[in-house]
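In what follows, a structure is listed as structure tokens, so that the remarks can point back to it.
None of the figures in this text is laboratory data; all of them are computed from the coordinates on show. Remember, predicted model here, so these are calculated numbers, not experimental data. Counting neighbours? That spans all protein chains shown, and the Cβs are built from the backbone with ideal geometry, glycine included.
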Amino acid sequence: MAKDFREYLVEGYRSDDFGRVFKELAVGFKLFVSFQASLVHSCTPEETLDDIYGYTHWEVSLRSTTPPIDTPGIGPWMYLRDKEWAEPFDRPEFQRAMVGEFIPTEHCQQVLEDCIAYAIEKGHIESEADIRTVEPDEEVKKTMGCGGCSGKKKPAKPAAKPAPAE
């Protein structure tokens with residue numbers, strides 16, 4: 001069993017207008033999990049508590065590098081969508097993440113554990129110890145990873161031969 005998801009949470013910033021935002025968890029180089037709770041998030045209670053263990057429900061989002069998380073057949077959501085906790089998740093229009101509102105704390109823990117299992121199965125991490133935090137909404141394609149086939153260096157082109165002297 002993974003350590004409590006709340007132990008990973010690091011506050012990214014806090015403001016009176018926008019509440020508190022925790023940094024995302026990078027579970028490998030493809031899958032990013034965000035657990036949020038403050039006065040502007042879909043959580044219970046709907047306020048910004050200093051004690052994060054006081055929340056019973058959280059706003060959770062899942063996003064990925066290419067392909068998008070819900071790409072049929074190959075996106076990480078195809079692996080996660082049949083989990084017990086997945087039913088309330090949806091991809092809001094114009095967003096790149098699957099978002100779940102008022103997700104019970106015990107389901108949040110299962111979200112993290114299922115994401116870890118996915119990343120280990122796909123070879124994106126070796127263990128839970130490889131989880132890291134990233135800034136909220138960091139451009140995920142720049143974080144790390146294999147780069148795929150297009151990321152491999154191409155051999156240098158041979159230098160052009162000098163024109164023959166006349």
Using the Karplus equation 6.51 cos²θ - 1.76 cosθ + 1.60 (θ = phi - 60°), what ³J(HN,Hα) coupling, rounded to whole Hz, does each residue of region 102-114 give in order, writing x for Gly and Pro? 6, 7, x, 3, 5, 6, 4, 4, 5, 4, 4, 5, 5
What are the ³J(HN,Hα) couplings of region 70-76, residue after residue, when phi is run through the Karplus curve with 6.51, -1.76, 1.60 and θ = phi - 60°? Round to Hz, x for glycine and proline. 10, 5, x, x, 10, x, x
Long-range amide H contacts for residue 28: which residues qualify at under 5 Å (H placed 1.01 Å from N, peptide plane, sequence gap of 5 or more or a different chain)? 132
With each pseudo-label sitting 7 Å past Cα toward Cβ, what's the residue 102-residue 82 distance in nm, one decimal? 2.9
Got a sec to turn the phi values of region 36-49 into Karplus ³J(HN,Hα) couplings, 6.51 cos²θ - 1.76 cosθ + 1.60 with θ = phi - 60°, whole Hz, x for Gly and Pro? 10, 7, 5, 5, 10, 10, 7, 9, 10, x, 7, 7, 9, 8
Virtual spin-label span in nm between residue 53 and residue 13, 7 Å along Cα→Cβ: 3.0
